[in-house]
1. Among the numbered conditions (1) touching a helix residue (DSSP H, G or I) at 6+ places or on another chain (Cβ under 9 Å); (2) among the small types (Gly, Ala, Ser); (3) at pLDDT below 95, tell me where Ala165 comes up short.
2. Could you give every pair whose Cβ atoms fall below 9 Å, whose first residue belongs to the range 31-45 and is assigned to a loop (DSSP other than H, G, I, E, B), and whose second residue is of a type in the set (Asp, Glu), counting only separations of at least 6 or pairs across chains?
3. I want to confirm something. Restricting to the range 83-111 and keeping residues that are among the aliphatic types (A, V, I, L, M) and in contact with a Leu (Cβ under 9 Å, 6 or more places away or on another chain), which single residue is surrounded by the fewest Cβ atoms within 10 Å (Cβ to Cβ)?
4. Suppose we filter Val18, Val55 for residues that are among the aliphatic types (A, V, I, L, M), closer than 19 Å to Gly82 by Cβ and buried (at least 19 other Cβ atoms within 10 Å of the Cβ); which single one remains?
5. With the condition being over 15 Å from the mean Cα position of the chain (by Cα) and crowded, with 16+ Cβ neighbours inside 10 Å, I'd like the strands (runs of 3 or more DSSP E) fully within the range 120-195 carrying at least 3 qualifying residues.
6. What is the one condition in (1) exposed (fewer than 15 other Cβ atoms within 10 Å of the Cβ); (2) in a strand (DSSP E or B) that Met114 does not satisfy?
7. Count, please, the residues in the range 81-130 that happen to be closer than 30 Å to Gly184 by Cβ and without any contact (Cβ under 8 Å) to a residue 40 or more places away in the chain.
Amino acid sequence: MEEVKTPFPRLKLTVTQVLGVCYHGYKIGDEIILEDFTHAPKHFCLGLAHALFPVIYALSFGAQFGFRDNQRSLLITCPDGGKLEFKAEILDKEGKLQVIPRDPLHKGPNPKKMVLEVVAAKGKCAFGYKVGDKWETTGLKCIPGFCGAAFHTAFPALFALNFGAKFFFMPDPNSIDTVTCPDGGNIIFKVTRVE
């Protein structure tokens with residue numbers, strides 16, 4: 001594959017535990033390099049990609065996990081029975097790990113207030129959402145009665161913003177306004193961290 005031209009950082013995944021049989025044959029210590037959060041290697045497990053995406057998306061936009069020895073890393077468990085555990089880390093432009101030591105002042109979860117707002121609508125929405133509709137949530141809590149498909153699409157942004165990510169390409173880096181409904185793209189949401 002040609003080199004990927006991207007403004008986003010490369011990521012390293014390392015297998016840290018094997019707790020069952022995986023037909024991909026991953027072993028402890030195996031390393032997988034992702035050119036960025038949008039480019040998985042050939043034959044990459046899509047089940048793992050599904051569980052991994054919110055984490056690598058968050059890390060790519062600067063999220064930090066104050067409870068980790070390296071705040072720029074996080075562990076992810078295989079969604080197929082927890083057979084494997086991977087550590088996701090960010091690489092700098094020179095290919096070295098980005099390391100921010102554990103935050104000694106970290107006292108546990110610090111969920112952020114988030115707002116989801118419909119900023120564009122076309123066609124018909126089965127839930128009847130329209131421009132201007134808003135919902136609030138805190139941290140990673142599900143919104144009661146909210147469309148599951150829309151929440152699934154918004155979750156990576158909610159996760160990233162909850163852990164301090166900044167979307168450098170947005171007018172307000174504490175928000176992203178391109179979260180699109182997977183059902184025909186009829187609804188587009190803006191997800192905002194309220195500071």
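The values are calculated or read from the model by the stated rules, or taken from the named source; none is laboratory data. All of these numbers come straight from a predicted model, not from anything done at the bench. No Cβ is skipped: glycine too gets one built from the backbone with ideal geometry, and neighbour counts run over all protein chains shown.
1. (3)
2. As it stands, the answer is Glu35/Glu3; Pro41/Glu35; Cys45/Asp80, since those pairs meet every condition given.
3. In this case the residue turns out to be Leu97.
4. Working: Val18 fails: buried (at least 19 other Cβ atoms within 10 Å of the Cβ).
Answer to the check: Val55.
5. 187-194
6. Single failed check for Met114: (1).
7. Residues flagged as closer than 30 Å to Gly184 by Cβ and without any contact (Cβ under 8 Å) to a residue 40 or more places away in the chain within the range 81-130 amount to 3.
Okay, residues lined up against (1) within 18 Å of Ala160 (Cα to Cα); (2) charged (D, E, K, R):
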residue	(1), (2)
Lys83	no, yes
Glu94	no, yes
Gln98	yes, no
Leu105	no, no
